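Written below as structure tokens is the structure these notes are about.
None of the figures in this text is laboratory data; all of them are computed from the coordinates on show. The shown structure was predicted, so the numbers you read here are calculated from the model rather than taken from an experiment. As a convention, Cβ positions derive from the backbone with ideal geometry for all residues, glycine included, and neighbour counts pool all protein chains shown.
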Amino acid sequence: MTDRRPAMSDIRLAGRADRAALAAMLARAFADDPAFKYIFPNAADRAKRLPRLFSLMIEDDAGAGLQLVTPGIEAATLWRGPGHAATGTFALLRQAIPLLHALGFATARALRVANAIEAHFPGQPFWYLHIAGCAPEKQGRGFGGAVIRAGLERAAGRLPAYLETATESNLGLYQRFGFAVTDEWRVGTDGPRFWSMLRAKDDGG
């Protein structure tokens with residue numbers, strides 16, 4: 001890994017060989033995320049299960065859009081293209097056993113979060129910034145911003161882009177890229193709070 005902020009030309013598509021390292025990085029990046037803390041309340045259990053869960057998410061997203069990483073996988077974004085934001089029934093059935101293995105007794109909480117997320121998707125075609133993560137030791141150095149910008153420049157800027165976040169401190173970062181808060185909502189009565197954010201397509205897109 002390097003401390004140099006990557007140029008746009010440095011950002012690359014993630015390959016199959018990157019998946020283990022990518023899942024491990026995302027698991028560390030989201031270790032204190034409110035949504036995952038709700039799904040896996042026990043920190044030790046969360047640390048054990050998140051790499052498995054992210055491996056499945058990476059596999060599921062692989063054919064749905066773009067998976068972009070910095071050269072040393074310091075940061076990554078997983079984008080789902082228009083029409084692919086929701087996890088389809090076939091994908092759920094195909095991954096049912098691995099998902100149950102990854103989630104364990106947290107399955108019901110995870111489904112509550114997933115269902116609430118999908119219920120708040122926009123009604124118009126959009127690119128979905130499904131996951132944006134940066135290794136904790138590299139945060140604040142431009143790595144995360146670089147992969148977000150790369151996704152917007154390569155594809156997502158042609159249509160509105162959408163994301164949700166359960167981390168209020170992330171709002172400023174996304175607002176700098178043109179996202180605006182469109183809704184604030186909670187999973188059930190005791191679940192995490194989320195902010196929905198939408199970015200208009202680029203002029204001429």
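Global dimensions of segment 157-205 from alpha-carbon coordinates: Rg and Dmax equal 12.2, 43 Å. No solvent, one uniform scatterer per C-alpha: report log10 I(q)/I(0) for segment 1-74 via the Debye equation at q = 0.18, 0.22, 0.28 1/Å, two decimals. Ignoring solvent entirely, the Cα scatterers give -0.77, -1.00, -1.23. What base-10 log of the normalised intensity I(q)/I(0) is obtained for segment 20-142 from the Debye formula, alpha carbons as equal point scatterers, at q = 0.10, 0.12, 0.15, 0.20 Å⁻¹? The Debye formula, applied to the Cα set alone, gives -0.30, -0.44, -0.71, -1.29. Between residue 37 and residue 13, the modelled label-to-label distance comes to 3.7 nm, taking each label 7 Å out from Cα in the direction of the beta carbon. Among 188-197, 67-76, sorting by the average number of other beta carbon atoms lying within 10 angstrom of each residue, highest first, gives 67-76, 188-197.
Would you mind getting the Kirkwood hydrodynamic radius of segment 89-205 from its Cα pairs, rounded to one decimal in Å? Don't skip to the end; give the middle numbers.
Numbers: mean 1/r = 0.0630 Å⁻¹.
Hydrodynamic radius (Kirkwood, Cα pairs) of segment 89-205 is 15.9 Å.
Could you rank the peptides 142-153, 120-131 by their average count of other C-beta atoms within 10 Å per residue, with the highest value first? Please list the in-between numbers first.
On the way: 142-153: 22.0, 120-131: 17.6.
Highest mean packing first, the order is 142-153, 120-131.
Dividing the convex hull volume of the alpha-carbon atoms in the chain by its residue count gives 118 Å³ per residue.
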